[in-house]
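Here is the structure we will look at.
The values are calculated or read from the model by the stated rules, or taken from the named source; none is laboratory data. Everything quoted here is computed from the prediction, not taken from an experiment. Virtual Cβ from ideal backbone geometry, glycine too; neighbours counted across all protein chains shown. Heavy atoms of the whole protein, side chains included, go into the accessibility calculation; ligands, DNA and RNA do not. Shrake-Rupley method; radii C 1.70, N 1.55, O 1.52, S 1.80 Å.
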Amino acid sequence: MTIREHMRKNLILAWPVMLSQAGQITVNVADNVMVGALGGKWDNVHDPELGKVALGAVSLGNALFFMIMVTALGFSFAMSPLIAQADAKNNLRRGADILTHGLVLNMVLTILLVVFLFAFLPFMYHLNQPKDVVDQAIPYLQIVGFSMIPLMIFQSFRQVSEGLSLTLIVAIATIIANLMNIFFNYGLIFGNLGMPRLGVEGAAYGTLLSRIIMVFTLLGAMWYNSKSKSYLKAVQFKKFKNLIFKKLFQLGAPTSMQMFFEVSAFAGAAFICGMAGKDDLAAHQIALNLASITFMLCTGLGIAATVRVGNQLGHKDFNTMKRAGWSAIYMAIVFMIISGLLFISLRHYLPAIYIDNQVVIALAAKLLIIAALFQLSDGVQVVALGALRGMQDVNIPTLITLIAYFVIALPLGYYLTIPLKMGAFGMWIGLGIGLTFSASLQLIRYHRTSSKFIRAV
């Protein structure tokens, strides 16, 4: 099979996932754009400070929430390569058992993490952040925290669907839910359509309601599809096997830590930018939100790499397995180069979508130059991690991410931001260097690990 044929297969798998990711990003973008418009032209209350404080609150709230969320998401990601291998062997019973055990494991972890989140909230006042920002971030987090439960139910069934290469139904469910999120945001943030004006809390309620809708939409789509329906009908909660829990934990824990390291690094970056001031924090949130769009789209290629590499591992076709992974990496390189060029050319226009504050817009435009440069590294490392996950190689990649973010990115970013007084610009330089380190080592790891499978034949 040629590289072009591999790319075609990757695209068939990846585009619905990318569409689904784009839908999920829409939730975040809609929240940021709409809360940033508080006190502006969309709002009946006119106060330029409202949008800046609201953006800062959502930034801090999401920084903490995403740290908690990705810890749970990482465990769920262990399901898709195992489902892909079971599907390659036509082993329905094995696949249904993975779904059952994965759902239980995800729910237990989610409840524990939500309890931890609520216990941590009072400590936000002791993190050297603007008080008016924290005052709005805490109620936002209290509502969004509950949305973790429907989100992780959805994520469990999503991993099964993607492991079965049924990525389109996930995209449909996500897009429907996100359209509902925009509807609820428009009503609840500004008090439109007969709904109460709740400001930042309205964005949180919109997210909660849309995630509940997302669960039922995906379950309905899975029941309509004959292949996924057979898995749903085979689910049974009467007997549990410790070996399956152990396998999910062995694969999921390192993946969870990989994601936690990255997201907590960006969360830490938000708090460091908050120390530099409200303008830096708001600009950081805008640039991060824009960068997350291309990153999340690129995760679609990472998921395609996981599924295709996992399938070929199940078939023991290691040469095809290696080429499948590399083809996804090549696609990520092209996609992120184009994204970086767009960021640079539109850097003065994109931030203006979020806020009507020239100081914040100018600072965000500078951050987008750095974002454009590290887009390539960010895309390469997420797809390489996906390919490594398909080979069930997760421990060393986790160590690499730990070093990249907590030994390089955060310490360097803090030093440039606070002692050298470079503000958010310094923080983003640190993040870019850490991401480049991670991408380089993940590529080397993928080459060596895939080659080892081939030599062992």
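Among the residues of region 338-360, what is the count of those that are assigned to a helix (DSSP H, G or I), over 17 Å from ALA14 (Cβ atoms) and free of Cβ contacts under 8 Å to residues at least 60 places away in the same chain? Steps first, answer last, please.
Taking region 338-360 as the starting set, the residues that turn out to be assigned to a helix (DSSP H, G or I) are 338-345, 351-353, 358-360.
Imposing the further condition that a residue be over 17 Å from ALA14 (Cβ atoms) reduces the set to 340-345, 351-353, 358-360.
In the following step, the residues that additionally are free of Cβ contacts under 8 Å to residues at least 60 places away in the same chain were identified as 340-345, 352, 358.
Residues flagged as assigned to a helix (DSSP H, G or I), over 17 Å from ALA14 (Cβ atoms) and free of Cβ contacts under 8 Å to residues at least 60 places away in the same chain within region 338-360 amount to 8.
For PHE65, the conditions (1) under 30 Å from ALA424 (Cα atoms); (2) surrounded by fewer than 23 Cβ atoms within 10 Å (Cβ to Cβ) are fulfilled apart from (2).
In region 17-35, the residues that are crowded, with 22+ Cβ neighbours inside 10 Å never reach a residue that is at pLDDT below 70 and among the aromatic types (Phe, Trp, Tyr) with C-beta atoms less than 7 angstrom apart, at least six apart or across chains. Note on region 183-198: among residues that are open to solvent by 10 Å² or more (accessible area, probe 1.4 Å) and of a type outside the set (A, V, I, L, M, F, W, C), the one that is farthest from VAL53 (Cα to Cα) is GLY194. Would you confirm whether or not region 114-127 contains a residue that is more than 18 Å from the chain's Cα centre (by Cα) and closer than 16 Å to SER230 by Cα? No: region 114-127 contains no residue that is more than 18 Å from the chain's Cα centre (by Cα) and closer than 16 Å to SER230 by Cα. If VAL382 satisfies all but one of (1) under 20 Å from ARG445 (Cα atoms); (2) out of contact with any Ser or Thr (no Cβ under 6 Å at 6 or more places or on another chain), what's the number of the condition it fails? Every listed condition holds for VAL382 apart from (2).
Considering only residues that are free of Cβ contacts under 8 Å to residues at least 60 places away in the same chain and either outside any helix (DSSP H, G or I) or within 20 Å of GLY314 (Cα to Cα) (or both), which ones fall in region 376-420? I'd like the intermediate steps shown before the answer.
Here is the first cut: in region 376-420, the residues free of Cβ contacts under 8 Å to residues at least 60 places away in the same chain are 393, 396, 399-400, 403, 407-408, 411-412, 415-416, 419-420.
Once the filter is applied, which keeps residues that are free of Cβ contacts under 8 Å to residues at least 60 places away in the same chain and either outside any helix (DSSP H, G or I) or within 20 Å of GLY314 (Cα to Cα) (or both), region 376-420 yields ASP393, PRO419, LEU420.
Taking the stated definitions as given, is ILE212 in contact (Cβ under 8 Å) with a residue 40 or more places away in the chain and farther than 17 Å from MET152 by Cα?
Working: in contact (Cβ under 8 Å) with a residue 40 or more places away in the chain: yes; farther than 17 Å from MET152 by Cα: no.
Against the criterion (in contact (Cβ under 8 Å) with a residue 40 or more places away in the chain and farther than 17 Å from MET152 by Cα), ILE212 does not qualify.
In the list PHE437, PHE425, which residue meets the criterion of being more than 29 Å from SER165 (Cα to Cα), at pLDDT 90 or above, in a helix (DSSP H, G or I) and open to solvent by 10 Å² or more (accessible area, probe 1.4 Å)?
Answer to the selection: PHE437.
The number of residues in region 205-231 being open to solvent by less than 20 Å² (accessible area, probe 1.4 Å), among the small types (Gly, Ala, Ser) and modelled with pLDDT of 90 or more comes to 2.
Do we find that VAL45 is β-branched (Val, Ile, Thr) and either within 30 Å of VAL160 (Cα to Cα) or modelled with pLDDT of 65 or more (or both) in this structure? Taking the combined requirement at face value, the residue does not satisfy it. If only residues of region 59-86 that are more than 20 Å from PRO150 (Cβ to Cβ) and hydrophobic (A, V, I, L, M, F, W, C) are counted, the one that is modelled with the lowest pLDDT is ALA63.
Condition test on LEU141, is it part of a helix (DSSP H, G or I), without any contact (Cβ under 8 Å) to a residue 60 or more places away in the chain and open to solvent by less than 10 Å² (accessible area, probe 1.4 Å)? No: the conditions fail for LEU141. Restricting attention to region 367-381, the residues being open to solvent by 20 Å² or more (accessible area, probe 1.4 Å) and either of a type in the set (Gly, Ala, Ser) or modelled with pLDDT under 90 (or both) number 3.
Each row is one residue, and each column tells you yes or no for (1) assigned to a helix (DSSP H, G or I); (2) closer than 17 Å to ASN10 by Cβ; (3) open to solvent by less than 20 Å² (accessible area, probe 1.4 Å); (4) touching an Asp or Glu at 6+ places or on another chain (Cβ under 7 Å).
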site: ASP279; (1), (2), (3), (4): yes, no, no, no
site: SER292; (1), (2), (3), (4): yes, no, no, no
site: PHE295; (1), (2), (3), (4): yes, no, no, yes
site: GLY302; (1), (2), (3), (4): yes, yes, yes, no
site: THR306; (1), (2), (3), (4): yes, yes, yes, no
site: ASN319; (1), (2), (3), (4): yes, yes, no, no
site: ALA332; (1), (2), (3), (4): yes, yes, yes, no
